[in-house]
Amino acid sequence: MATIGILGGGQLARMMAIAGAPLGHRFLVVDSAEDACAAQVAPVMHADWRDFSALQQFADQIDVATFDFENVPADTAQWLTSHTCVFPNPAALAVAQDRLREKHLFAEIGLDTPAFAAVDSLDDLRTAVARIGFPAVLKTRRLGYDGKGQAILRAPEDVDAAWQALGGVPLILEGFVAFDCEVSVIGVRSRSGEFRHYPLTRNWHLGGILSASLAPVQLPDSISKRAVACARAIAGHLDYVGVFALEFFVKGEQLLGNEMAPRVHNSGHWTIEGCACSQFENHVRAVLGLPLGDTAARGFSVMLNWIGELPDANAVLAEARAHWHDYGKSPRPSRKVGHATLRADSPDEMIERLQRVGKALDRQAQIEPVIAGLAEMWNRG
Ligand code: AMP
């Protein structure tokens, strides 16, 4: 029996603890928030991540430390390495915390990206816009997530407003990609360097927040094999241990790297019921040095995210092969409060399930793009 320490007590920590319990392991979470939802399933130390005496107590009680949140201060992650094992390593975390370093890493391993430029002043922004053109997306290099810290620039008059909204911290300007679809690879690398990956997942966002995921997807081999090869190369390059997500835009035959998340990821939640070994269990296995589990998909899965508030659980639970996840969080606009995963043996069965659930919940806007994606990908003829 080992104790895994997790920095951050949100739903990812909660699902890690739920996945690790049957293996006989214990968890200890550290989070300053009084209402951290992992507290409902694991003990939580309420402390700031910069409180090193609390961190000392945390480190004394655990065998390995990991993260449910990538923006843990770099010096905290570094300090922990001299007191316990830390996975993923702080250097990998530092790259994935910074959109500019991430893009440089993508270029280094041969993954194309949208056009990008570092922006530290209004002059930089004007120069970058002149090179990249409109539309473009201005993003904070650090601490952005779920569409936060981003502004779209469509015309010259947007430049000053975007600078006013985001300027003052290091930024990156990216060319806006009119993509055909967004996909992610969830990869896992063990302490001994074994790499495995889940089937490619297609993702839909609403307002910058993940709305739905579908797996497995059918894309040309040239794209899916390249996406997996990039995930493998990045994991090896960073000497990464644990689960991570690599997100891409697909446009025609082009595969463009968007970002990397150095942790279990929302686009991998479907693996809880959709695979023999979920991303959460595989992360636990990886950081403890256990053999990795089977990542093959069991049929088709669609994950629907519940943002802001939960819909009617009964309408989902009434459906066969539907799984309900309530994170135990209070409702708040833009907050991820739960998700559901629907499973099916065929695309047609999945489409029928989605139609019933979409109607019962009156959520056609969330579900129709997934139905269209399924029909387009699997019933081309
Ligand atoms: P991010 O936090 O960078 O993953 O952005 C959240 C979402 O905004 C992405 O999943 C896309 O749907 C959209 N987005 C971000 N960057 C771009 C871009 N350069 N071009 C088009 N859409 C983007």
Within region 4-29, track down each residue that is within 19 Å of Cys85 (Cβ to Cβ) and either surrounded by fewer than 17 Cβ atoms within 10 Å (Cβ to Cβ) or among the acidic types (Asp, Glu) (or both).
Leu23, Gly24
Looking at region 235-263, which of its residues are away from the ligand (no atom under 16 Å from the Cβ) and open to solvent by less than 30 Å² (accessible area, probe 1.4 Å)?
Ala235, Leu238, Tyr240, Val241, Gly242, Val243
Flag if Arg226 is farther than 30 Å from Pro369 by Cα and either within 16 Å of the ligand (Cβ to nearest atom) or surrounded by 13 or more Cβ atoms within 10 Å (Cβ to Cβ) (or both):
no
Hits in region 172-226 (condition: part of a helix (DSSP H, G or I) and polar (S, T, N, Q))
Ser222, Ser224
Residue count for region 233-245, restricted to those that are in a loop (DSSP other than H, G, I, E, B) and in contact with a Lys or Arg (Cβ under 7 Å, 6 or more places away or on another chain)
2
I'm told Asp158 meets every condition in (1) open to solvent by 30 Å² or more (accessible area, probe 1.4 Å); (2) near the ligand (Cβ under 9 Å from one of its atoms) except one. Can you identify the failing condition by its number?
(2)
Test: residue in region 205-222 that is more than 20 Å from Ala118 (Cβ to Cβ), within 11 Å of the ligand (Cβ to nearest atom) and buried (at least 18 other Cβ atoms within 10 Å of the Cβ)
yes
Out of Phe69, Phe27, report the one residue that is within 24 Å of Ile272 (Cβ to Cβ) and in a loop (DSSP other than H, G, I, E, B).
Phe69
Extreme residue, farthest from Gly299 (Cα to Cα), among residues of region 192-204 that are crowded, with 16+ Cβ neighbours inside 10 Å and away from the ligand (no atom under 16 Å from the Cβ):
Phe195
Odd one out for His325, checked against (1) open to solvent by 50 Å² or more (accessible area, probe 1.4 Å); (2) under 17 Å from Ala215 (Cβ atoms):
(1)
Of the residues in region 30-54, those that are small (Gly, Ala, Ser), outside any helix (DSSP H, G or I) and under 26 Å from Leu292 (Cβ atoms) come to Ala42
Residue tally, condition open to solvent by less than 30 Å² (accessible area, probe 1.4 Å), in contact (Cβ under 8 Å) with a residue 60 or more places away in the chain and not β-branched (Val, Ile, Thr), over region 46-76:
5
Please count how many residues of region 99-129 are within 13 Å of the ligand (Cβ to nearest atom), over 18 Å from Ile152 (Cβ atoms) and either of a type in the set (A, V, I, L, M) or surrounded by fewer than 18 Cβ atoms within 10 Å (Cβ to Cβ) (or both).
2
Would you mention how many residues in region 29-73 are among the hydroxyl-bearing types (Ser, Thr, Tyr) and over 25 Å from the mean Cα position of the chain (by Cα)?
1
Would a scan of region 30-41 turn up a residue that is surrounded by 14 or more Cβ atoms within 10 Å (Cβ to Cβ) and of a type in the set (Asp, Glu)?
yes
Could we say that Gly208 is in contact with a Gly (Cβ under 7 Å, 6 or more places away or on another chain) and closer than 17 Å to Ser267 by Cβ here?
yes
Per-region count, region 130-155, residues within 15 Å of the ligand (Cβ to nearest atom) and farther than 29 Å from Ser211 by Cβ:
1
In region 78-98, the residues that are away from the ligand (no atom under 16 Å from the Cβ), aliphatic (A, V, I, L, M), crowded, with 18+ Cβ neighbours inside 10 Å and in contact (Cβ under 8 Å) with a residue 24 or more places away in the chain
Leu80, Ala92, Leu93
Check whether at least one residue in region 288-300 is farther than 27 Å from Gly187 by Cβ and among the basic types (Lys, Arg), and report yes or no.
no
For region 287-301, name all the residues that are open to solvent by 50 Å² or more (accessible area, probe 1.4 Å) and under 13 Å from Thr271 (Cβ atoms).
Asp294, Ala296, Arg298
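The values are calculated or read from the model by the stated rules, or taken from the named source; none is laboratory data. Because the structure is predicted, anything quoted here is derived from the model rather than measured. All Cβ positions, even for glycine, are placed from backbone atoms using ideal geometry, and neighbour counts span all protein chains on display. Heavy atoms of the whole protein, side chains included, go into the accessibility calculation; ligands, DNA and RNA do not. Shrake-Rupley method; radii C 1.70, N 1.55, O 1.52, S 1.80 Å.
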